[in-house]
Amino acid sequence: MIYAILRRFGQMLFVMFGISVIVFLIFFATPGADPAARIAGRNASPEVLEAVRHSFGFDRPLYVQYVTMMEKIFVTGDLTSFVNRGWRVVPAVMDSIPVTLSLVFGAAILWVVVSIIIGIAAAATRGSWLDKLLMALGLLGISMPVYWLGEVMNLITQSRYHDSWAFSWVPPLGYKNFSDDPKGWFLTLVIPWITLSILYIGIYGRVLRAAIIESLQEDYIRTARAKGLSETRILLRHALRTSLIAFVTLFGLDFGALVGGSALLTEVVFGLHGIGKLTYDALQNLDLPMIMATVMYASMFVVIANAVVDFVYILLDPRLRTS
Amino acid sequence: MILSVRDLRVAFRTNDGLVRAIDGVSFDLEESEILGVVGESGSGKTVSLLAVMGLITDPNATIEGSIRYKGRELVGLPARELRRLRGNEIAMIFQDPMTALTPVYTIGWQIAEQIRAHRSISKSKAMERVEELLAEVNFPNPHEAMSRYPHQLSGGMRQRAVIAMALSCNPALLVADEPTTALDVTVQAGILDLVRKLRATHKSAVVFITHDMGVVSELADRVMVMYAGRVVERGSRAELFSDPRHPYTRALLGSIPPLTGEKPRRLPAIPGSPPSLLRLPQGCAFGPRCPVHYEPCEAGKPDLGSGTHAAACFRVAQA
């Protein structure tokens, strides 16, 4: 088991190295484009161009450029954005990480808990009106675009009904640091959490219901009934437990992508300056160092999330432990 | 008398019409007796025993008739009461040990789960009992086997684990649904030995479902042959094997290769295939495949009649 985890960790490092090389090559070795000109931004003076060329080592071989870049990101952390005139890239990324993590972690807890409850309730009462209602609501949640839902949420909680008893607690948009103001942190994030999680509650609830119903057809469920176990125990201990494997797969992919910046729309709608927003702005300005850093960061989280999912797999499914 | 089934009928509503899977089955089972139930796939042998276990959960199924366990009527018994019997007094072994165990728990855990569902004992006490049970079903290293997951065991070992689980609460009645079908022949023999030994030690009555006449001849005290949802012949093992009366039983016995003497070049086969339960032939369901078919067979369904050795055939009644 320890060996399996260590091996997975090694694979993870290897994948991250591969990603860094590919991203580097895309931005810095594309034929016909001068990376120095891109980094320096539009209308850069020849002096700035020269400085960029020297600082990133563009007058030296490609592998030196790669090492220089990685050093700037991971070791010295002094990668500088020229488009934004001397803005340090690494601290900017570091500042946005807690925002995105707060948003995504909270939403993930919400969607996992709610979708498990919905999935179990729908599977246990399959065919009933409750099942149909929950599945219809799930479909509705999946169908609502998050930016639209976010704006509607804002409209309701920030303007139209803000003064009513129900939403007067909602603070203005923006992010508050957890260490400065835990209560404010929580309150500002409640509406974004709900908004972000609704789509996933719909998807996960439906997926879990289908997986549980499939599990309930298995022979071992009949064995469990023959053992004289209660229906609740059969559902939770036998059917749900074996259904969680599909659930965890999906979770790993979605969680990694969200932490890596896919929560962009939610971040923009609620004025949260997270990784998604940072990447979006960098792409608009063609801010190459910033793009490089955010892509590295995003890939790191996707890879880590996948590795964590694999560890959870090993915990959930003993069949994976021995191989 | 431990089990008494009278005129059991199980039907399933389907889109194509009503499927009468069991159509008037009656049998009795004495204490620590082994009853062999033989028949082809679809003859209703499994469904009739699932009905006894109360394991027919299909909402489109209707169950009629009477199933008395130790004098207590099981048909219509509330699910709660039935659950108290299931796994405790009536236990079941299934056909495919590969899929009969939940893949994510150790076998020790799964056996202990059953014990703790019916007895209020501590986890460690339950585990001690599990170890005894695994030793009883001839696990070479019971203590180690407890912490094994199903996928780490061979088919035969899994079936032993399933048997240990079935025996965990000392059931008075054990239903075995083709427990050897999915196993190698050598492993089969071991499992049959085990069933015999356990009948002796636990005094459980056993209903052994199979399509293998060889297995029946080795194990059963009494035999019941089923065809298209009905019992076509019943009798003691000796009666049935030395004097098979129903043409279907004869045909089944005729399809076993003889151990001594000259071997036939081709084994005789029963022509045709079992009828669809949706479109049963007029009169005797075996009629179209029967070598001694004659006019009265078209008119009505033959009754099994009473008596220890009986066959549901007009030819037999006539003779």
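The numbers here are math on the coordinates, done by the rules we state, and not lab data. Computed from a predicted structure; not experimentally measured. Neighbour counts are summed over all protein chains in view; Cβ atoms, including those assigned to glycine, are modelled from backbone coordinates with ideal geometry.
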Task: Straight-distance crosslink candidates among lysines, where the alpha carbon sits under 25 Å from A:LYS277 and sequence neighbours closer than 8 are dropped - done: A:LYS72, A:LYS176, A:LYS183
TODO: Could you tell me what percent of the DSSP beta bridges with both partners in the protein assembly as shown are antiparallel, to the nearest 5?
DONE: 60 percent
- [ ] Would you tell me the mean number of C-beta atoms belonging to other protein chains that fall within 10 Å of each C-beta in B:84-95, as a whole number?
- [x] 3
Task: Mean ellipticity per residue at 222 nm, deg cm²/dmol - from DSSP H runs of n ≥ 4 across chain B, formula -39500 (n - 2.57) - done: -9500 deg cm²/dmol
Open item on the list: With equal scatterers on the alpha carbons only and no solvent term, can you work out the Debye log10 of I(q)/I(0) for region A:141-241 at 0.12, 0.15, 0.19 1/Å?
Closed with: -0.63, -0.73, -0.89
Open item on the list: Give me the one-decimal Kirkwood hydrodynamic radius in Å for chain A, with the sum taken over alpha-carbon pairs.
Closed with: 22.6 Å
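When B:CYS313, B:CYS290 are ordered from fewest to most other Cβ atoms inside 10 Å of their Cβ, what list results?
The most exposed by this proxy come first: B:CYS290, B:CYS313.
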Task: Set of aspartates and glutamates with alpha-carbon distance to B:LYS301 below 20 Å, sequence-local pairs under 8 removed - done: B:ASP7, B:ASP23, B:GLU40, B:GLU64, B:GLU233
- [ ] Work out from phi, with θ = phi - 60° and the Karplus expression 6.51 cos²θ - 1.76 cosθ + 1.60, the ³J(HN,Hα) of each residue of region A:154-160, listed in order in whole Hz, and give x for Gly and Pro.
- [x] 5, 4, 6, 8, 9, 10, 4
- [ ] Assign one of three labels to the protein assembly as shown, namely rounded, prolate or oblate, based on the Cα gyration tensor with a ≥ b ≥ c the square roots of its eigenvalues; rounded applies when a/c is under 1.5, prolate when it is not and a/b is larger than b/c, and oblate otherwise.
- [x] prolate
Open item on the list: Sequence gap at least 6, Cα distance under 8 Å: using those rules, report the relative contact order of chain A to the nearest whole percent.
Closed with: 24 percent
Task: Residue-averaged beta-carbon neighbours from other chains (10 angstrom radius) around B:100-111 - done: 5
Open item on the list: Per-residue Cβ counts within 10 Å, from other chains only, averaged over B:162-170: what number is that?
Closed with: 1
Task: Within region B:164-253, chymotrypsin sites (Phe, Trp or Tyr not before Pro) in DSSP loop having at most 16 other beta-carbon neighbours inside 10 Å - done: none
TODO: May I ask you to sort A:THR242, B:THR201, A:THR266, B:THR99 by Cβ crowding, counting other Cβ atoms within 10 Å and putting the fewest first?
DONE: B:THR201, B:THR99, A:THR242, A:THR266
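Are there any GluC sites (Glu not before Pro) in region B:44-89 that are in a DSSP loop and have at most 15 other Cβ atoms within 10 Å? List them by number.
none
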- [ ] Sort out the exposed loop trypsin sites (Lys or Arg not before Pro) in chain B (DSSP loop, at most 15 other Cβ within 10 Å) and tell me the longest stretch that has none.
- [x] B:120-202
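State whether region B:75-157 is rounded, prolate or oblate according to the following rule on the C-alpha gyration tensor (a ≥ b ≥ c being the square roots of its eigenvalues): a/c under 1.5 gives rounded; otherwise a/b larger than b/c gives prolate, and the remaining case gives oblate.
Note, shape of region B:75-157 comes out oblate.
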Open item on the list: Can you show me the helix-derived [θ] at 222 nm for chain A, built from DSSP H runs with n ≥ 4 at -39,500 (n - 2.57) apiece and divided by the number of residues, rounded to the nearest 500.
Closed with: -22500 deg cm²/dmol
TODO: Would you grab the residues whose amide H sits under 5 Å from the one on B:GLY36? Only those 5+ places off in sequence or on another chain, please, with H modelled 1.01 Å from N.
DONE: B:PHE208, B:ASP221, B:ARG222, B:VAL223, B:MET224
Task: Convex hull (Cα only) mean projected area of chain B, reported in nm² to one decimal - done: 18.0 nm²
Open item on the list: Please give the Cα centre distance for region B:73-122 versus region A:224-254, rounded to the nearest Å.
Closed with: 17 Å
Open item on the list: Using Cβ contacts closer than 10 Å as the measure, can you line up A:THR188, A:THR125 from fewest to most?
Closed with: A:THR125, A:THR188
Task: Distance from region A:10-84 to region A:286-323 (C-alpha centre basis), Å - done: 24 Å
